[in-house]
1. Look at the range B:10-26 and say how many of its residues are β-branched (Val, Ile, Thr) and open to solvent by 40 Å² or more (accessible area, probe 1.4 Å).
2. When the residues of the range B:27-60 are narrowed to those that are small (Gly, Ala, Ser) and open to solvent by less than 60 Å² (accessible area, probe 1.4 Å), which ends up nearest to the other protein chains (Cβ to nearest Cβ)?
3. Which residues, taken from the range A:20-71, are in contact (Cβ under 8 Å) with a residue 60 or more places away in the chain and of a type in the set (Asp, Glu)?
4. Inside the range A:1-23, can you point out the residues that are farther than 13 Å from A:Val147 by Cα, among the aliphatic types (A, V, I, L, M) and out of contact with any Asp or Glu (no Cβ under 9 Å at 6 or more places or on another chain)?
5. Which of (1) away from every other protein chain (no Cβ under 13 Å); (2) in contact with a Phe, Trp or Tyr (Cβ under 9 Å, 6 or more places away or on another chain) is the odd one out, the single condition B:Asp90 does not satisfy?
Amino acid sequence: MTGESVLECIRRRRVTRFFAREKVSRHALIEILRAARWAPSAGNRRLHRFVVVTDPPLLKVMRAVAPGIRGYPPAVIVICIDWERAVHLGYQLLDRTLHIDVGTAAQNMLLAAEAIGLGAGPVTSFSKAAIGVALRLPESLTPEMIVCLGHRASRQAFPGTRPAVSTRLEDLVIWREPPDSEAHR
Amino acid sequence: MSVVEPRLVLTEEEALQLLSFLITAARLLLDEPADYGPLRLLLAAQYLCADTAPRSSDLVRGFMHELEKEIPDRTAERYRNPAAFAAFLDDGCVRVAHALLAYYGRE
């Protein structure tokens, strides 16, 4: 993949909420998990665990306790924090880097899905307690984000979200440059 | 007493799914922005309409179908046009009242 195609992948990616029934191959799931593994991680500690779910009844249970899941994804990957290892390494429960790393892993996964032609959508609106029970997670693992995966359905409207606003770069960025920088000439 | 025979319109699975949605949504709303509340309730209403409409009486089915179709589009415009969204909800309340009156033979 060239630098240009990476940027194109970033620009093209959109959140997928509704999925076709077609299954996601194990090969594709492993490709996405590999991308998560390559994501930057604080101190390169790798304190996240990934739970892959493709069992239809279990997906139904998850959807029922995750109001953020709108369609019927044929596969999901749950990004968890391994608190036992984190605490052992001296991380505090409120350490924000562990949550930031959920985001870096998720973004790699979303881009990997896009690159191999799959749709993906992150979900944080779910009951952690219920998902923990559904997936029989040990107490040391907390589910932090669900990444829904599948082939995109034609309908993608997600009612209730804020309208797509084309935010300008200048609305997002504060520059602190030397007076002789390009912007001041 | 309703003007139609009582009927069962939800399967056990559908009821369980909806109950799970409502309970978990209630918990999530403690931490989410307040304006997620109407969204979650309308989504539950949409699921209820989708599940029940096929088994509902002729008297109720049309009303359920209409709501199920309208909720996604109307909800989508809630940030673009909050007044229209509020008007939709007001209108929804009125339509519910009419549906109930018809159901109990008082329309």
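The values are calculated or read from the model by the stated rules, or taken from the named source; none is laboratory data. Remember, it's a predicted structure, so these values are computed and weren't measured experimentally. Heads up, the Cβs are rebuilt from the backbone with ideal geometry, glycines too, and the neighbour counts pull from every protein chain shown. Surface areas here come from the heavy atoms of the whole protein model, side chains and all, with no ligands, DNA or RNA. Shrake-Rupley method; radii C 1.70, N 1.55, O 1.52, S 1.80 Å.
1. Start the filter on the range B:10-26 by keeping residues that are β-branched (Val, Ile, Thr), which leaves B:11, B:23-24.
Keeping just the survivors that are open to solvent by 40 Å² or more (accessible area, probe 1.4 Å) gives B:11, B:23.
The total comes to 2.
2. So the residue we want is B:Ala44.
3. A:Glu22, A:Glu31
4. Result: A:Met1, A:Val6, A:Leu7, A:Ala20.
5. All conditions are met except number (2).
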